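The structure appears below as structure tokens.
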Amino acid sequence: MILHVDMDAFFASIEQAINPRLKGKPLIVGSRNSKMHTVVCAASYEAKRVGIGSGMSSAEAFKICPNLEFVAAEQSKYIWTSRQIFQLLKEFGFEVLYASIDEFQIDIRDTPNPKLLAEEIREKIFKEFNITASVGIAKNWLLAKLGSKLNKPNGVTVLTEGNLEGVLERFPAAKICGVGKSTAEFLDGLGVNTCLDLYQKSARFLEQNLGKYGINLYVSLHSTDSFDSPEVPEKPKSVGHSYTLPRAVLNPQFIKAWIRTLSEMVAQRLRQDNWESSTVHLWLNGPEIGNFGAQKAFQQPVNDGLEIYQRCLKIIAKLGPKLPLVRAIGVTCSGLSKSSYLQPLFKEQIRRGELLKAVDRINSRFGDNSIYPAVITLAR
Ligand SMILES: [Mg+2]
């Protein structure tokens, strides 16, 4: 059995737990600290009840509810809480996976009383953080995730062989994770309206109508394996690149362009295997400075070349306002962790992530360096 924990209105609940004045009130968390010109990235249940939801513009939300409370998102707070919850869940002794910043999957194997376990988990989270979670339990992660949504907020749904079909019958197919609006409409046209309709379709039917995605959907709905464990590539200690210039150079623009180039190369390799790095090491060699090397650890792990470059600049700042003569440069990233579990919170980050994905796709199709940041041309 898989037990799926989904925190209720996570960011908004954290804000309400921290500041009791916000408790019981309609509240939105905005992605930027500009009350009327931002996007709702979380809404409390009091706000959801009047029709406010994430993705909406804050102006629109205030139109619906003029006495809305507003807090600007503070990512580190949510990440910290998420990590604490992850640790708390691990104490129950089962394997735990991150599904997103506020969702966790636990392989509870054949625990005799899963409902009781769910209540214990929810109680412990509430005691520790004063926020509520909803839980779904089922034979696989997709149905467990669905279950966690069916009794929200602050509820538990156990899907057993006995009640599964009865429950699935009551909800539209779009409730299933991955079935988007257009897929749902398409399925509707085929007479597949409820979760149960979808569940009862054969692998062949789903493949014929939805292609490879249909097969995946079928497998995910019916599998009884514990976690599908994708192959994890062996974890390297660090990823680095270095370059020796034809001669020692004083031009700071040129040196920085090379640091950026190396940062991009490192970042691309990190992304290839889904790693992120929290520690950057910059190494410079030159006639005046000999070997200069320094590293800096940051709280937020990254795999974006621009960000790695900016971190290198922070290290360079140690050398004073002027750059010395440089002959060779090295950028190395360590402190590696898997990058998949935290989805970006903010529009800007999502856009940046999509940009990087597009760049990687272009380069893998048309060859390395088919596309790169313009500043790098300075190094050529
Ligand atoms: Mg949630």
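Here is how the numbers come out for the structure above:
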{"quantity": "Of the GluC sites (Glu not before Pro) in the range 1-104, those whose Cβ has at most 11 other Cβ within 10 Å and which sit in DSSP loop", "calculated": "E91"}
{"quantity": "Accessible surface, the range 66-151, averaged per residue in Å² (probe 1.4 Å)", "calculated": "45 Å²"}
{"quantity": "Contour excess over end-to-end distance, with Cα ends at F171 and R361 and 0.36 nm allotted per residue", "calculated": "64.7 nm"}
{"quantity": "Loop sites in the range 150-254: trypsin sites (Lys or Arg not before Pro), DSSP, at most 13 other Cβ within 10 Å", "calculated": "R170, K237"}
{"quantity": "Distant-in-sequence amide H partners of A42 (H built 1.01 Å from N, under 5 Å)", "calculated": "V29"}
{"quantity": "Residue pairs, from the table K139/K338; K145/K201; K23/K90; K23/K124; K25/K175; K35/K63, whose Cα atoms sit over 18 Å apart", "calculated": "K139/K338; K145/K201; K23/K90; K23/K124; K25/K175"}
{"quantity": "Heavy-atom accessible surface of the chain: percent carbon and sulfur, 1.4 Å", "calculated": "51 percent"}
{"quantity": "Accessible-area order (highest first, 1.4 angstrom probe) of the listed residues W80, W258, W141", "calculated": "W80, W141, W258"}
{"quantity": "Loop trypsin sites (Lys or Arg not before Pro), the range 299-370, which have at most 13 other Cβ atoms in a 10 Å radius of their Cβ (DSSP)", "calculated": "K322"}
{"quantity": "Long-range HN-HN contacts of V302 with modeled amide H, under 5 Å", "calculated": "S277, S278"}
{"quantity": "Accessible-area value, T377, 1.4 Å probe, nucleic acids and ligands omitted, Å²", "calculated": "70 Å²"}
{"quantity": "Counting DSSP beta bridges with both ends in the chain, the antiparallel % (nearest 5)", "calculated": "85 percent"}
{"quantity": "Reachable lysines from K322, criterion Cα separation under 30 angstrom, eight or more residues apart if same chain", "calculated": "K256, K296, K314"}
{"quantity": "Å² of accessible area per residue within the range 237-357, as computed with a 1.4 Å probe and no ligands counted", "calculated": "51 Å²"}
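The values are calculated or read from the model by the stated rules, or taken from the named source; none is laboratory data. Please read all numbers here as calculations on a predicted model, not as lab measurements. When we count neighbours, we look across all protein chains shown, and the Cβ atoms used for this are built from the backbone with ideal geometry, even at glycine. Side chains are part of the model used for accessible areas, which takes the heavy atoms of the whole protein and leaves out ligands, DNA and RNA. Shrake-Rupley method; radii C 1.70, N 1.55, O 1.52, S 1.80 Å.
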